[in-house]
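A short write-up of the structure that comes next.
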Amino acid sequence: MTVVINGEMRDMQAIRTVGDLLRALGISSSQGGIAIARNDAVVPRARWEATPVVEGDRFEIITAVQGG
Amino acid sequence: MKAQGEFVPFRGVSPLRFAGREFLSRLLIGTGKYADFETMKEAFDASGAEIVTVAIRRVPLEERGTGKCLLDHIDPKKYTLLPNTAGCYSVKDAVLTAQLAREALQTDLIKLEVIGDPNTLFPDNEGLLEAAKVLVKDGFTVLPYTIDDPIVCKKLEDAGCAAVMPLGAPIGSGLGIRNPYNIQIILETIKIPVLVDAGVGTASDCAIAMELGCDAVLLNTAIAGAKNPVAMARAMRLAVEAGRLAYESGRIERKLYATASSPLAGVVRAGGL
């Protein structure tokens with residue numbers, strides 16, 4: 001299945017939910033300071049395991065960095 | 001000697017209040033451009049700041065676990081995080097960035113930036129106002145980085161922003177408060193707090209902003225880019241406190257001619273007459 005993650009086209013295998021996607025990227029559900037949007041809508045952490053991932057979805061995965 | 005970072009405001013300096021919150025320090029600082037996290041933390045301590053800004057960026061997918069996690073270096077008990085929407089040129093990007101920041105950091109605070117031009121980093125007034133309305137409706141405490149224009153600031157107040165943050169000069173320019181009269185008119189025009197954001201180059205710029213009656217100063221480059229960031233952080237803190245104290249103390253009127261400070265009677269006259 002091809003999805004867009006942070007602007008990059010990615011082929012992801014065996015992914016059903018947002019939780020699966022994040023684990024495949026090495027991000028655990030206990031990791032703080034991270035948020036994800038699916039098709040420009042934020043997916044709250046409590047909904048990660050219940051939110052499906054389908055072909056063509058676009059994701060933004062962010063964290064806080066140094067800035068003014 | 002007191003430990004660095006222990007914030008003891010002078011008696012008479014009132015706390016900063018906005019959106020039902022209260023802060024003893026009237027200096028907000030950015031986390032950008034520090035050579036390393038150790039220097040950043042020392043500068044935080046020396047500045048006495050209680051609110052620090054952070055940017056929101058895409059997680060690098062290939063270089064995870066490199067130990068460069070900013071949040072590991074900011075004590076959440078000591079500092080309130082103020083995420084920004086820096087780098088956003090459209091309402092959509094700014095709104096989504098704010099919503100992601102709220103989810104990631106569990107805060108409703110947002111320093112709203114909608115930039116109109118990459119060379120000046122001046123805000124796009126129309127986009128800023130539109131984004132502010134969307135975010136206020138969505139429950140955010142919106143602190144917009146704005147041009148030093150009283151009309152725009154009034155519109156932002158009417159839109160429900162918790163404060164306005166007019167620039168003193170372009171971001172990172174160090175040019176100081178370029179239009180103190182506009183800042184003064186903004187202060188007389190609106191009721192919500194006015195925080196000068198951007199343009200500060202050195203300590204006297206902070207003092208000028210605070211003497212005008214601004215509620216706080218937000219700066220980043222002037223500390224992080226100084227040769228000695230920790231000492232400059234201390235200087236900024238003292239200048240903000242000095243400026244606020246002077247403002248609250250009520251300065252004397254300006255007069256063109258001298259008024260003697262010593263008694264006019266009883267002056268010694270050589271020759272005795």
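All of the numbers you see were taken from the coordinates with simple rules; none came from a lab. Keep in mind the model is a prediction, meaning the values are calculated, not measured. Note that each Cβ is placed from the backbone with ideal geometry, even for glycine, and that neighbours are counted across all protein chains shown.
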| field | Computed over chain A: relative contact order in percent, which uses C-alpha pairs under 8 Å that are six or more apart | value | 44
| said: Please list, by residue number, everything in segment B:108-143 whose backbone N is under 13 Å from a paramagnetic label point 7 Å out along Cα→Cβ of B:L175. | reply: B:119-123
| query | Counting alpha carbon pairs within less than 8 Å and at least 6 residues apart, what relative contact order, in whole percent, applies to chain B? | reply | 18
| task | Send over the Kirkwood Rh of chain B, from the inverse of the averaged 1/r over different Cα pairs, rounded to one decimal Å. | result | 19.7
| query | Given a Förster radius of 51 Å and the C-beta distance between B:R251 and A:N6 as r, what FRET efficiency does 1/(1 + (r/R0)^6) yield to the nearest 0.05? | reply | 0.45
| task | Mind checking the full-extension length gain between B:A19 and B:N119? Use 0.36 nm per residue of separation minus the Cα-Cα distance, one decimal, nm. | result | 32.7 nm
| query | Of the peptides A:13-24, A:53-64, how do they stack up when ordered by the mean number of other Cβ atoms within 10 Å, highest first? | reply | A:53-64, A:13-24
| message | Please list 3J(HN,Hα) in residue order for segment B:195-209, calculated via the Karplus relation 6.51 cos²θ - 1.76 cosθ + 1.60 where θ = phi - 60°; whole Hz, with x for glycine and proline. | response | 10, 6, 10, 5, x, 5, x, 8, 4, 4, 4, 5, 4, 4, 4
| Unit charges at the beta carbon, dipole of segment B:197-273: most positive-side option, B:P263, B:A235, B:A246 | B:P263
| What FRET efficiency would be calculated for the residue pair B:A258, B:N182, taking the C-beta separation as r and a Förster radius of 41 Å, to the nearest 0.05? | 0.85
| Set B:K111/B:K155; B:K92/B:K137; B:K33/B:K68; B:K155/B:K191; B:K33/B:K78 screened for pairs whose C-alpha atoms are more than 19 Å apart | B:K33/B:K78
| query | Assigning unit charges at the beta carbon (Lys, Arg +1; Asp, Glu -1) and nothing else, what dipole magnitude in debye, to the nearest 20, does the protein assembly as shown show about its Cα centre? | reply | 940
| message | Given contacts defined as C-alpha pairs under 8 Å and at least six residues apart, what's the relative contact order of segment B:144-273, whole-number percent? | response | 19
